[in-house]
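> Starting off with a structure, shown below.
Every number here is computed from the coordinates shown, using simple stated rules; none is lab data. Quick caveat: nothing in here was measured; it's all calculated off a predicted structure. Glycine gets a Cβ as well: all are built from the backbone with ideal geometry, and neighbour counts include every protein chain shown.
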Amino acid sequence: MNIRKAHISFVLILIMLFSFSGISSAAGTTLEKVKEKGVITVGNSPDYPPFESIGDNGERVGFDIDLLDAVAQKIGVKVQWVTMEFAAIVTAVQSGQVDMGMSGFSITPERREQVGFSAPYFASGQVIVTRPDSDIKNVADLNGKKIAVQLGTTGEQQADKIEGASVIKPESYSIAFMMLHNNAADAVIADLSVADEYMKNGTFKKAGEPLSFEEFAMISRKGNEDLLAALNAALDAVKKDGTYDAIVKKWNF
C-alpha cells in the first residue's frame, strides 16, 4: 500500500512538473511573444502634440509615433497602437493588456516602482503657460490661481507643489488648454515641447523659468528586461544611423 501511494505521488509530481514546464514554455517572454506575432501593442494617449495626436486625416502622428515605428522596424515587428487615457497606461502595462507604453512618459522614482523604463529618448521640462494678458510672471504668482494640468502627468506633480494654488486635473491637455483659453483656468503647467505647440498661434505665452528637467522613456512591465534591452538596442541603432536626427528635425525640436 505504501509503495502504491508513493508511486501515485511520484506520478502526480511528474504531471505537475510537466504541466508547469509546458505553461512556461508556451508563455515565453514578452519579447518572444512579440517577435512570434510580429506585432507589439503599445498604450498611447494621442492628445499630447507634438509627441502624439490625431492628424487631419484621422491617423496618429507625432514624434513618439515616428520614433517607435523606426525602433520597431529595427526589432522586426510592427506597432499596434492602443488608445487609452494617459493615467490608465501604466496599469495597462502592469496587467499585460499592452506590451509597452509610449506617450511622453517622464522617468520618475514613483514610476520606477511600477514599471521598467527604457533608456531616455528625449529631454525636456515642465513650464507655466498663461494667456497673453495675464499678470502671472513666475511660479510665485500662481498663489491663489487656478492651474489646469493633465491627470497623471509630472505636470500634475509640479502643480501640486505650488502653495495656495487650486489645481484642476482634466484627462487631457487639450481640455486643459481649452480651459485656459476660456478663462476657466489661469495657467497650465505642461511639458516644454507641448507648450511650444500650443503657443504657435500666439494664443498663449510662457511665464518664468522651467519648473523641472525631465527625460522621456518607453515603459514596459517590470521583469520584461529582454524587451527593454531590445528597445534600447534598437533606439541606439536608430540614433547611430541618423534616423533619430531626421525625426527630431521633422518635428522642429
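> Determine the gain in length on full extension of the stretch GLU59-ASP160; use 0.36 nm per residue of separation and subtract their C-alpha separation, reporting nm with one decimal.
33.0 nm
> Considering only C-alpha atoms, what is the centroid distance from region 105-152 to region 224-253, in Å?
Region 105-152 and region 224-253 have Cα centres spaced 24 Å from each other.
> Describe numerically, in nm with one decimal, the distance between label points set 7 Å from Cα along Cα→Cβ at ALA87 and at GLU215.
Reported label-point gap for ALA87 and GLU215 is 2.9 nm.
> Under a cut-off of 26 Å between alpha-carbon atoms, report the lysines in cross-link reach of LYS240, not counting same-chain residues fewer than 8 places apart.
Result set, ordered by chain and number: LYS35, LYS74, LYS78, LYS249, LYS250.
> Distance in nm between label sites at ALA233 and THR203, each 7 Å beyond Cα in the beta-carbon direction?
4.5 nm
> Keeping to pairs on different chains or 8 or more places apart, tell me how many lysine pairs in region 126-212 have Cα atoms under 20 Å apart.
Summing the qualifying lysine pairs gives 17.
> At 7 Å along Cα-to-Cβ for each site, give me the label-to-label distance between GLU171 and ALA119 in nm.
Placing both labels 7 Å beyond Cα along the Cβ direction yields 3.6 nm.
> Would you work out the charge dipole size for the chain about its Cα centre, treating the Cβ of every Lys and Arg as +1 and the Cβ of every Asp and Glu as -1, and quote it to the nearest 20 debye?
840 debye
> Run the helix sum for the chain: -39,500 (n - 2.57) per DSSP H stretch of 4+ residues, divided by residue count, reported at 222 nm to the nearest 500 deg cm²/dmol.
Theoretical 222 nm ellipticity from helices: -13000 deg cm²/dmol.
> Where nothing but the Cβ of Lys and Arg (+1) and of Asp and Glu (-1) is charged, how large is the charge dipole of region 90-219 around its Cα centre, in debye to the nearest 20?
Using only the charged Cβ atoms, the result is roughly 220 debye.
> Tell me, what is the FRET efficiency for LYS250 and LYS37 to the nearest 0.05, using R0 = 30 angstrom and their Cβ-Cβ distance as r?
Efficiency at R0 = 30 Å is approximately 0.55.
> A follow-up question, please. Indicate the helices, whole DSSP H runs only, in the chain that combine a mean Kyte-Doolittle hydropathy of 0.5 or more with a Cα extent along their long axis of 30 angstrom or more.
Both cut-offs are met by 2-27.
> Please give the FRET efficiency for GLN80 paired with MET178, using the beta carbon to beta carbon distance and R0 = 25 Å, rounded to the nearest 0.05.
After rounding to 0.05, the efficiency reads 0.25.
> Per 0.36 nm of contour for each residue apart, how much would the distance between GLN97 and ASN138 grow if the chain were fully extended, relative to their Cα-Cα spacing?
Between GLN97 and ASN138, full extension yields an extra 10.7 nm.
> Can I ask one more? If you average 1/r over every pair of different alpha-carbon atoms in region 126-212 and take one over that average, what Kirkwood value in Å do you get?
12.2 Å
> A further question on this structure: For the chain, place one equal point scatterer on every Cα, skip the solvent, and apply the Debye formula. What is log10 of I(q)/I(0) at q = 0.10, 0.12, 0.13 Å⁻¹?
Each listed q maps to, in turn, -0.55, -0.73, -0.83.
> Dipole magnitude of region 23-113 about its Cα centre, charges +1 at Lys/Arg Cβ and -1 at Asp/Glu Cβ only, in debye to the nearest 20?
400 debye
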